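Please read the structure below before turning to the comments.
Any read-out appearing in this document is the output of simple, stated calculations on the displayed coordinates, not a laboratory observation. Keep in mind that this is a model prediction, so the values were computed, not measured. Cβ sites come from the backbone with ideal geometry, for glycine too, and all protein chains shown count toward neighbours.
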Amino acid sequence: MDYPPTGPAAVGAVASFDPAHVCADILAVADAAGAERFAWYGYSWGGVVGLQLAARTDRLSALICGGWPPIGASYPDMAGVAQWLAERVRRAEAQLMVTFYRALEQWRDEEAVSRFTCPRMTFAASGDTITTAGQTIRIGPLIAERKTDLERMGWIVHVVDDVRHDLFTRPEVVVPLVRAFLDPVLLRP
């Protein structure tokens, strides 16, 4: 799936690129592939999308939300960062993220996440803090702070030391985490 859209397709999608639209697109691809149920692994924005999918459908057999805190995230701050970036690069692809995050500014993540029932895991780097446009987005530290709450909600939580938001570029770290979580979930008889 080549997503989010780019070029002319991005221009046409800017006004409607909210979480409901994104989830509908992903579910349409799953339908076309004949996947009644599927596992979702997303990192950073893909992690946010996974949270939205789990909140909107019961079709997930497992959820991995990497590089984004499932609870306590500041969506208004992310909307501000997206707006700042969109004003500088002036590309539709950047404006898509403004539309997406603005739609989440009032999302009550803890309320929604507490209702998830599929197996779920989150992970991030302990040093995963992004400072842009006067905003500090705490990812790894927030997951570490909320670890007990997340585990109480049924999440498996991993905080990896000595890396930052680029943790996804470290397959020697990420693949074992993902396999240890997904193999027992997806390979059940």
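In what order do CYS118, CYS65 fall by count of nearby beta-carbon atoms within 10 Å, going from fewest to most?
Ordered from fewest to most neighbouring Cβ atoms within 10 Å, CYS118, CYS65 come out as CYS118, CYS65.
Can you list the HN-Hα couplings for the range 167-173, worked out from phi with the Karplus curve (6.51, -1.76, 1.60; θ = phi - 60°), rounded to whole Hz and with x for Gly and Pro?
After applying 6.51 cos²θ - 1.76 cosθ + 1.60, I find 3, 4, 8, 10, x, 5, 9 Hz.
What are the residues whose amide H is under 5 Å from the amide H of TRP68, where those residues sit 5 or more places off or on another chain and H is modelled from the backbone?
The list, which skips near neighbours in sequence, is SER44, PHE123.
Give the distance, in whole Å, between the Cα centre of the range 1-28 and the Cα centre of the range 41-103.
Between the Cα centre of the range 1-28 and that of the range 41-103, the gap is 12 Å.
Quick check: from the Cα gyration tensor, does the chain come out rounded (a/c under 1.5), prolate or oblate?
In terms of gyration-tensor shape, oblate.
So who's got an amide H within less than 5 Å of the one on GLY127, skipping anything under 5 residues away but keeping other chains? H placed 1.01 Å off N, in plane.
ASP162, VAL163
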